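Contents: one structure, followed by commentary.
Any read-out appearing in this document is the output of simple, stated calculations on the displayed coordinates, not a laboratory observation. None of these values were measured; they are calculated from a predicted model. Don't worry about glycine lacking a Cβ; one is built from the backbone with ideal geometry, like all the others, and counts go over all protein chains shown.
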Amino acid sequence: MEKRIHYQQQIRGIHQEILRMGVLVEESLRKALTAVKTQNRELASGVIESDARIDKMQLEIEERCTVAIATEQPVATDLREIMVAIKIASDLERIGDHARHLARAVDRVSPELMNESFPIIESMAELGISMVHDSLDAYVDLDAERARSVASRDEQIDALHHDLYARIIGTMKESPELVDQGTSLVFLNRFLERLGDHVTNICEWIVYARTGKHPELNP
């Protein structure tokens, strides 16, 4: 019984670390969006620098999970919960990378060109931020139904992604001198689309943790 209590304490600690990591990722996305909106290079630099902290948190979570497996000899259900924690931490790290990419757009795209695309970029980023937040809420209770609901919103990001891609390509055709900056926007658009995919992955892992089945949400 004492060993079981110790294991549960370890799992709670891992859960708390994932939530802290998620909050930091969410903050990074929010700051990156603000940096682009206001052309604030100092804020953008802060987001880029904070990515190292997110990377470190992922490694620390993986280490804690490894120790739990090695020392606690978890049964099948427990092992599934630990594996899900590792996978979610990995997806959060990738989302943190996308916040960094968004922040770098401050230096790679002129304010004039960014202003044309920003309404869609903002909508995509806001959707992504809300999905990150709500997926973490679902993770707290391993709420499979809420996870499925969050993942369904990725379709909205996909639609915005296609719309923005068409606009960027149109701008590049009309103004060949903007090809380099347009290419940066194409990559940024892709990164924001991938943000939704990573949140969908998180939601799939939450469903798996609750049900033991591997769902494919928004195939």
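Pairwise over distinct Cα atoms, reciprocal of the mean inverse distance: report the Kirkwood radius of the stretch 79-202 in Å, one decimal place.
One decimal place: 15.3 Å for the Kirkwood radius.
If you fit an axis through the alpha-carbon atoms of helix 2-38 and take the longest principal axis of the Cα set of the chain, what angle between them do you get, 0 to 90°, nearest 10?
That helix lies at roughly 10 degrees to the long axis.
For the chain, what is the relative contact order in percent, using Cα pairs closer than 8 Å and at least 6 residues apart in sequence?
Relative contact order for the chain comes out at 25 percent.
Calculate the spin-label point distance for Glu122 paired with Thr71, positioning each point 7 Å from the Cα along the beta-carbon direction, and give it in nanometres.
Using points 7 Å along Cα→Cβ, the separation is 4.9 nm.
Percentage of Cα-Cα pair distances in the chain greater than 31 Å, rounded to whole percent?
Here the tail beyond 31 Å accounts for 26 percent of pairs.
Cα centroid distance between the stretch 98-140 and the stretch 177-219, in Å?
Answer, in whole Å: 12.
When a/c reaches 1.5 or more, the comparison of a/b and b/c decides; with that in mind, is the stretch 13-136 rounded, prolate or oblate per its Cα gyration tensor?
Because a/c hits 1.5 or more and a/b exceeds b/c, the stretch 13-136 counts as prolate.
May I ask for the net charge around Lys31, where only other residues with Cβ less than 12 Å from the Cβ of Lys31 are counted and Lys, Arg are +1 while Asp, Glu are -1?
Taking every other residue near Lys31 into account, the sum is -2.
Find the all-direction average of the projected area of the Cα convex hull for the stretch 164-218, expressing the result in square nanometres with one decimal place.
The directionally averaged projection comes out at 4.1 nm².
Quote the relative contact order of the stretch 90-218 in percent (integer), defining contacts as alpha-carbon pairs under 8 Å separated by 6+ residues.
Relative contact order, the stretch 90-218: 39 percent.
Could you calculate the contour length gain from Asp55 to Asn40, that is, 0.36 nm times the residue separation minus the distance between their Cα atoms, to one decimal place in nm?
3.0 nm
What nm value, rounded to one decimal, do you get for the distance between Lys213 and Val186 when each label is placed 7 Å out toward the C-beta?
Going by the 7 Å Cα→Cβ label model, 4.1 nm.
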